[in-house]
Amino acid sequence: MDKIVLVVDDEEVIQNVLKIALERKGFVVKTAGDGQQALDQIHHQRPDLLLLDLKMPRFNGYQLFAQLKSDENFKTIPIIVITAVTQDSDREDEEWARRMGAEGFLTKPFDLDDLGRRVEEMVSKLM
């Protein structure tokens, strides 16, 4: 069965780039533009992995992350945080993500090959 990756990012360009790159590696890729859309999709079809931007309007990645990790049904979904950060917030966001239980942290812009390898490694651990 194909592994499902949910890309949660408010930038459509990022969603599309990640979707194309990961589909080429054989993943089924779903996208969401904010935390609420992501939560709706997660309730409909549980993904095997989340690629999550933290800084989004409305229901942001911090809120979604916290909600998922506090829910018994979803707290085991692995999350790789992908976010554009400023020099000041970089270390702070990464430390927060690790404390919350993120399996990885990438800053934008990121290398697609590196991201693909990380996703493959993470998903292979699930098998």
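The values are calculated or read from the model by the stated rules, or taken from the named source; none is laboratory data. All figures in this text were calculated on a predicted structure; none of them were measured in a lab. Positions of Cβ are backbone-derived with ideal geometry, glycine not excepted, and every protein chain shown enters the neighbour counts.
Listing for the model above:
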{"quantity": "Count of residues meeting criterion [in contact with a Phe, Trp or Tyr (Cβ under 9 Å, 6 or more places away or on another chain), under 17 Å from residue 101 (Cα atoms) and among the aliphatic types (A, V, I, L, M)] in region 39-62", "calculated": "4"}
{"quantity": "Given (1) outside any helix (DSSP H, G or I); (2) farther than 21 Å from residue 20 by Cα; (3) at pLDDT 85 or above, number of the condition residue 82 does not satisfy", "calculated": "(2)"}
{"quantity": "Matching residues in region 97-114 - criterion: being in contact with a strand residue (DSSP E or B) (Cβ under 9 Å, 6 or more places away or on another chain), surrounded by 13 or more Cβ atoms within 10 Å (Cβ to Cβ) and either assigned to a helix (DSSP H, G or I) or hydroxyl-bearing (Ser, Thr, Tyr) (or both)", "calculated": "97, 98, 100, 107"}
{"quantity": "Residue that is modelled with the highest pLDDT [pool: residues in region 53-79 that are assigned to a loop (DSSP other than H, G, I, E, B) and aromatic (Phe, Trp, Tyr)]", "calculated": "74"}
